[in-house]
1. Output the qualifying pairs, or none if there are none: Cβ atoms under 8 angstrom, residues six or more apart or on different chains, first residue in the stretch 73-102 and in the same structural domain as SER116 (by TED's automatic domain parsing) and within 16 Å of GLY134 (Cβ to Cβ), second residue surrounded by 17 or more Cβ atoms within 10 Å (Cβ to Cβ) and basic (Lys, Arg).
2. Does the stretch 5-45 hold any residues that are within 30 Å of LYS118 (Cβ to Cβ) and not in a helix (DSSP H, G or I), and which are they?
3. Right, ALA17: at pLDDT 80 or above, within 24 Å of TRP140 (Cα to Cα) and small (Gly, Ala, Ser) or not?
Amino acid sequence: MMLRVPEGERSSFMREAIIEKLQAIPRPDRVLELQTRIDRMEEQMAQMKKHMIDLELLTFENERVDPHAFCDDELDRNIVDSLIHYKGATTPELARYLETNRWVVLNRLRRMQKKSEKQLGRPLVYYCPGERSGKRKAWWINEGFIER
């Protein structure tokens, strides 16, 4: 390279060589485009389910959901199991029980709430700031969705 490329043009030569090499590699633009289309379709399906629930055309009375379907790992499954067993819990209670940070538990609960609401039209876990069953500011699992 030192013999073929003059000293002041080496960085631009390297830049052009890298760009040329990158252009030869197939781009994931098509995959990204397909992923965005799938995400958009899932959002539209969730909206349709939500509207059907509002119109009472789609009910979940006969259709139960596995609450662990919205869990990503063992910690999420433990959170759901705790909510089912204790019929609801506050974030600090869950954090003590699972021996982890309460912010981790809170973020996991919020993610499960959004994910389930997006797919089902209603959240599987929800937060109730008022007092219920002797607990204030607690998370509860929607009993209507749970398989028995």
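1. That search, which allows pairs on different chains as well, returns GLY88/LYS135; ALA89/LYS135; THR90/LYS135.
2. Of the residues in the stretch 5-45, the ones within 30 Å of LYS118 (Cβ to Cβ) are 27-45.
Within the stretch 5-45, ARG27, PRO28 meet the criteria.
3. Values: at pLDDT 80 or above: yes; within 24 Å of TRP140 (Cα to Cα): no; small (Gly, Ala, Ser): yes.
Judged against the criteria, ALA17 is not a match.
The values are calculated or read from the model by the stated rules, or taken from the named source; none is laboratory data. What you are looking at is a predicted structure, and each value in this text was computed from that prediction instead of being measured. Glycine gets a Cβ as well: all are built from the backbone with ideal geometry, and neighbour counts include every protein chain shown.
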